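Q: Attaching a single structure in structure tokens format; questions to follow.
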Amino acid sequence: MKTVGIPFLLLLLLTSVGCQSKNKSEKQELAQEEQLEAPKKESLTAAELQEYETAYFASGCFWCVEAIFESVKGVKEVYSGYSGGTEKNPTYEQVSYGKTTHAEAVEVYYDPKVISFTQLVQVFFGSHDPTTLNRQGPDRGAQYRSIAFYKNEAQQKIITDYMAKLEAEHVYDRPIVTEVKKFDKFYMAEDYHQDYERNHPNNSYIRNVSIPRLNRFKANFQSYLKEDAH
């Protein structure tokens, strides 16, 4: 990967994913063991959420992705869930074992007066490796693929223009494989997956994968962070 002179592209250094691997079955077992311990997610009310815009992304394990977007100023709420497939009401077991066409994804509620959709797209590309097909760090399978969802033509253009810029700048030494997909439906993940990184800081996957990924993001995106980003 080449470095470039555009300040916000410093975030692309994050794409060197060197996290300690944890295989999928162990991760699933940890999640199932801890689901009874997880506190209920404290969230804004439905009426409060309606005041904000939504954006949807998939870039690997949703525990990691949720924590990253939660740290960004202007982001009011983030939910982990499933999107990009055709099956109705998928479960974690179905998605994580590759039994559906969905990917682990996040729903981001944001204040466009504070952060733009363009900036969220920058966060998305700067916090994962968009050149690895059906893989992100130690997680492998189409359920961990990279997807940038759009809700209208304006958002689609923002995504494709930014991808074209990255390609033109030769930021990566491999082609970007991110799907640019029209948003259809987001299915909320089970309660115990919400705020997982925050609620389970001692989980081995969180320590070895999620927290290092979050810290790399924060190091390169300092101007985007909330003051109280943990």
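Each value in this text was obtained by applying a stated rule to the coordinates, not by laboratory testing. Bear in mind that the values here come from a model prediction, so they are computed numbers and not experimental data. Heads up, the Cβs are rebuilt from the backbone with ideal geometry, glycines too, and the neighbour counts pull from every protein chain shown.
Q: Using Cα-only point scatterers and the Debye equation, what is log10 of I(q)/I(0) for region 131-229 at each q in 0.11, 0.15, 0.21, 0.22 Å⁻¹, rounded to two decimals?
A: -0.48, -0.92, -1.42, -1.40
Q: OK, next. Between Asp191 and Asp111, what FRET efficiency comes out of the Förster formula 1/(1 + (r/R0)^6) with R0 = 25 Å and r the beta carbon distance, rounded to 0.05?
A: Values: r = 25 Å, r/R0 = 1.01.
For R0 = 25 Å, the calculated efficiency reads 0.50.
Q: Apply the Karplus parameterisation 6.51 cos²θ - 1.76 cosθ + 1.60, with θ equal to phi minus 60°, to every residue of region 57-68 and state each ³J(HN,Hα) to the nearest whole Hz, in sequence, with x for glycine and proline.
A: 9, 9, 7, x, 3, 5, 4, 5, 5, 4, 4, 5
Q: Return the distance in nm (one decimal) between the two label points of a simple spin-label model at Ser223 and Tyr162, each offset 7 Å from Cα along Cα→Cβ.
A: Here the modelled spin labels are 1.5 nm apart.
Q: Right, another one. I need the phi-derived Karplus couplings for region 168-174: 6.51 cos²θ - 1.76 cosθ + 1.60, θ = phi - 60°, integer Hz, Gly and Pro marked x.
A: Once θ is set to phi - 60°, the couplings for region 168-174 become 5, 7, 6, 5, 10, 9, 9 Hz.
Q: Given a Förster radius of 22 Å and the C-beta distance between Ala154 and Val177 as r, what FRET efficiency does 1/(1 + (r/R0)^6) yield to the nearest 0.05? Display every interim value, and only then the final one.
A: Details: r = 24 Å, r/R0 = 1.07.
Once the sixth-power term is evaluated, E becomes 0.40.
Q: Using only alpha-carbon positions, what ratio does the radius of gyration of region 89-128 give when scaled by 2.2 N^0.38 Å? Can you show the working numbers first?
A: Values: Rg = 14.1 Å, N = 40, 2.2 N^0.38 = 8.9 Å.
After normalising by residue count via 2.2 N^0.38 Å, the value is 1.58.
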